[in-house]
Protein chains: 2
Amino acid sequence: MHQRILRRHIRKGTLGLVLPDGRRERYGEGEPAAEWVIHDPKALRRIAADPDLAFGETYMEGAWSAGEGGLVRLLEVLLTNFPLRHERGWRAALKRLWQQGNRIARSRRNAAHHYDLDEWLFRRFLDREMHYSCAYFARPDMTLEEAQEAKARHIAAKLLLRPGMRVLDIGSGWGSLARHLARHHGVHVTGVTLSKEQLRVARAWAEAEGLADRLTFRLEDYREHRGRYDRIVSVGMFEHVGQPQYRTYFERARELLAPDGVMLLHTIGRLGPPTTTNAWIRRYIFPGGYNPALSEVAAAIEEAGLELCDVEVLRLHYAMTLAHWQARFQRHRDEVAERMGERFARMWEMYLAIAEASFRWSDMVVFQIQLARDRTAVPLTRDYLYRGEGAQAPAARGAA
Amino acid sequence: MHQRILRRHIRKGTLGLVLPDGRRERYGEGEPAAEWVIHDPKALRRIAADPDLAFGETYMEGAWSAGEGGLVRLLEVLLTNFPLRHERGWRAALKRLWQQGNRIARSRRNAAHHYDLDEWLFRRFLDREMHYSCAYFARPDMTLEEAQEAKARHIAAKLLLRPGMRVLDIGSGWGSLARHLARHHGVHVTGVTLSKEQLRVARAWAEAEGLADRLTFRLEDYREHRGRYDRIVSVGMFEHVGQPQYRTYFERARELLAPDGVMLLHTIGRLGPPTTTNAWIRRYIFPGGYNPALSEVAAAIEEAGLELCDVEVLRLHYAMTLAHWQARFQRHRDEVAERMGERFARMWEMYLAIAEASFRWSDMVVFQIQLARDRTAVPLTRDYLYRGEGAQAPAARGAA
């Protein structure tokens, strides 16, 4: 059966198949070329029956592996020839409602599922400062450390910071961006997270660096937090908000922002129309998560009465970031498998590979959206972001 | 009656009222302060009954005039204290359908209504090159001529031109941008317009400047045009497309664009949610016109399968542009009234004033949206737009 499907679909590039009995088959021709090594005879049938879920699950179980070129190359050949089915229209809208109806209690469980994993794991693949979001490759040859630092600088520039300002960081993670802003811009940052592990690490780190007087971290949902801030930043957290809460999210942000305030939202998004989240990602990696189309984010911003000042679309930067993460993860794969189990290690490398492939060959991008309550809070042209070198040196921006 | 309404509503700034019998009334206090001189005793009642339409109509009839500070200052006080009622939701959606259902024949009539007005009129207030859209004030002290030139350079930079490329200009007007691109970038531009007057002027101008071999202008709707272009640019035309046609517009653009092509859309938009077009503007200035919310444009782009690469939000630049236009228009007001009638002159100064006020105090902005079929057609960072001086010198871009 699989022969018929593969012969019909593989039109671009080559898929080499190695079957459990050692037979080799070959579909298509030319580049890209990948090899798919099947260990369990039932694997292909299961994937054909429910590709969204079974592709990842059979991999986790060890029912197949990727041959030469690895998972990402295999995903390239498969995504090129079997484009993802995207659910659309009212069906997708209904699913978003029940899959992403993230009330506060559920958001806590969703965050714990991913971010309460041992800090040890994330240190195996992230950069030194533990930025767990898309880096900014101001130059393509930057190291991961440099590109994450450039990302923090790029965001800081968009925030138009002045010393002494109060900044709210919604989804502060292990405190990477908050530390950067406190160190280089003399601002006070309040970070909120729903992960106890992240909170613990962020607090200890601030203490260790002598930044505790400028950094406050709280275990709080953005809907619970009260206050008034000069600046709001939210990096890699909006992906957990869920489409039914977008309007609430921006209404809360507007209330938390001073009248002359500026906000920078950094989130994964998709260039195609609104759809739903892949079933495997939802079950194993990011329960309740969703990557929005710009039309969905813009509609909520318009309704909430925030003023949109700029939208940068970071294309491919996340693919480059994920390639770095996967390479670092693979260097520690044996340790991870030993400590967390082989199934977990396979799950994680599949997650990183699917993400990288989605940014390279599907429609995933990152949106950096700059918002204000009053549009005169932001300069009339964007030159101020590009003064000095490509990777803006802090000094060139006249910062603290 | 008007006393009660004005006393209740004027909360910020001062409105001085001069009534037909010479009585003076004063509402509110402090800045901004404006004076409203009523000539016809029925004017205020008519405006209260149907503000959207009657405010402009009574002005055209000479039923009132603006005192010290002029129309724009009066609009500031009124807009600040009587915010525009925006129609929303399904009611607005239905109205968009029948008000903006611009099939080709209707689009021709709509275009003729405005753009077939004598070239003489537009030369009374536009810059030398006749750019009839928002300028780019790379520096706030630029003259109108400099800021329109800077706009053309900014757009050219976003188009990533190379000599010899074929460019389609959808809504080419009197050929201002096409001439700029042909002169400085060695590209061939095909411009389409629905205005016979614009076509005539654009062709004659190209001939006179010896650019006829690089410039082709056609009297055609974007839906009629066939071809394949390296670049597409559309400046100040999308406002006439009408929301029900957005998807068609972007699908046609996608078909007209080469696989590695880049498109730049420059259009007025609103920061608030989708609504309808003001009744006076629709009747007298731009029949069939509509300024979209970003959510509406983005949704159509997503459905058409174009990839969104950048969104710049030009705030206030159009208010500055319109202030220049109004000042130039006022210098020629007597000639205009003599040639086109006093009613026309009043209509035109009201149009320019309402537009300027909307960009200053309501939610109007300009979106510059960069699109591609393949997201790798555009550099990974936006630095290339800001090399060299603020008003990028052509030489700094390595252009032809």
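The values are calculated or read from the model by the stated rules, or taken from the named source; none is laboratory data. The shown structure was predicted, so the numbers you read here are calculated from the model rather than taken from an experiment. Cβ: placed from backbone, ideal geometry, glycine included. Neighbour counts: every protein chain shown. Note: accessible area is taken over every heavy atom of the protein model, side chains too, but ligands, DNA and RNA are not part of it. Shrake-Rupley method; radii C 1.70, N 1.55, O 1.52, S 1.80 Å.
Output yes when any residue across region A:254-277 is assigned by TED's automatic domain parsing to the domain that holds A:PRO163, assigned to a helix (DSSP H, G or I) and of a type outside the set (Asp, Glu), and no when none is. I'd like the intermediate steps shown before the answer.
Initial filter on region A:254-277 (assigned by TED's automatic domain parsing to the domain that holds A:PRO163): A:254-277.
When the remaining residues are screened for being assigned to a helix (DSSP H, G or I), the result is A:254-256.
From what's left, of a type outside the set (Asp, Glu): A:254, A:256.
Looking through region A:254-277, at least one residue is assigned by TED's automatic domain parsing to the domain that holds A:PRO163, assigned to a helix (DSSP H, G or I) and of a type outside the set (Asp, Glu).
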Could you tell me which numbered condition A:THR80 fails, if it satisfies all but one of (1) open to solvent by 30 Å² or more (accessible area, probe 1.4 Å); (2) without any contact (Cβ under 8 Å) to a residue 60 or more places away in the chain? (2)
Which ones in region A:230-253 are outside any helix (DSSP H, G or I), crowded, with 23+ Cβ neighbours inside 10 Å and either more than 17 Å from the chain's Cα centre (by Cα) or within 14 Å of chain B (Cβ to nearest Cβ) (or both)? A:ARG231, A:ILE232
So if I check each of B:ARG247, B:ARG226, which one is closer than 21 Å to B:GLY101 by Cβ and among the charged types (D, E, K, R)? B:ARG247
Only one residue in A:ASP127, A:ASP141 is surrounded by fewer than 19 Cβ atoms within 10 Å (Cβ to Cβ), on the phi < 0 side of the Ramachandran plot and not aliphatic (A, V, I, L, M). Which one? A:ASP141
If you take the residues in region B:278-308 that are open to solvent by less than 20 Å² (accessible area, probe 1.4 Å) and among the hydroxyl-bearing types (Ser, Thr, Tyr), which one is farthest from the other protein chains (Cβ to nearest Cβ)? B:TYR290
Within region A:319-336, track down each residue that is without any contact (Cβ under 8 Å) to a residue 24 or more places away in the chain and open to solvent by less than 50 Å² (accessible area, probe 1.4 Å). A:ALA327, A:ARG333
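Yes/no matrix, rows are residues, columns are (1) assigned to a helix (DSSP H, G or I); (2) outside the structural domain of B:TRP280 (by TED's automatic domain parsing); (3) under 21 Å from A:LEU308 (Cβ atoms); (4) of a type in the set (Ser, Thr, Tyr):
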| position | (1), (2), (3), (4) |
| --- | --- |
| B:ALA327 | yes, no, no, no |
| B:ASP334 | yes, no, no, no |
| B:GLU338 | yes, no, no, no |
| B:MET347 | yes, no, no, no |
| B:TYR351 | yes, no, no, yes |
| B:ALA355 | yes, no, yes, no |
| B:VAL365 | no, no, yes, no |
| B:GLN368 | no, no, yes, no |
| B:THR376 | yes, no, no, yes |
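Mind telling me which of the residues A:LEU371, A:LEU385, A:LEU316 ends up being open to solvent by 20 Å² or more (accessible area, probe 1.4 Å) and either in contact with a strand residue (DSSP E or B) (Cβ under 8 Å, 6 or more places away or on another chain) or within 14 Å of chain B (Cβ to nearest Cβ) (or both)? Full working, then the answer.
Working: A:LEU371 fails: open to solvent by 20 Å² or more (accessible area, probe 1.4 Å); A:LEU385 fails: open to solvent by 20 Å² or more (accessible area, probe 1.4 Å).
After applying the criteria, what remains is A:LEU316.
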Failed item, numbered, when A:LYS158 is tested on (1) open to solvent by 10 Å² or more (accessible area, probe 1.4 Å); (2) closer than 25 Å to A:ALA299 by Cβ: (1)
Does B:ARG397 fit the bill of being over 30 Å from B:PHE122 (Cβ atoms), open to solvent by 20 Å² or more (accessible area, probe 1.4 Å), at pLDDT below 95 and basic (Lys, Arg)? no
Consider only pairs whose beta carbons are under 9 Å apart and that are at least six residues apart or on different chains; among these, list those whose first residue lies in region B:109-131 and is in contact (Cβ under 8 Å) with a residue 60 or more places away in the chain and outside the structural domain of B:TRP205 (by TED's automatic domain parsing) and whose second residue is among the hydroxyl-bearing types (Ser, Thr, Tyr) and open to solvent by 40 Å² or more (accessible area, probe 1.4 Å). none
Restricting region B:254-270 to residues that are small (Gly, Ala, Ser) and touching a helix residue (DSSP H, G or I) at 6+ places or on another chain (Cβ under 8 Å), which is surrounded by the fewest Cβ atoms within 10 Å (Cβ to Cβ)? B:GLY269
Suppose we keep only residues that are among the polar types (S, T, N, Q) and surrounded by fewer than 22 Cβ atoms within 10 Å (Cβ to Cβ) within region B:337-368. Which one would you say is modelled with the lowest pLDDT? B:SER362
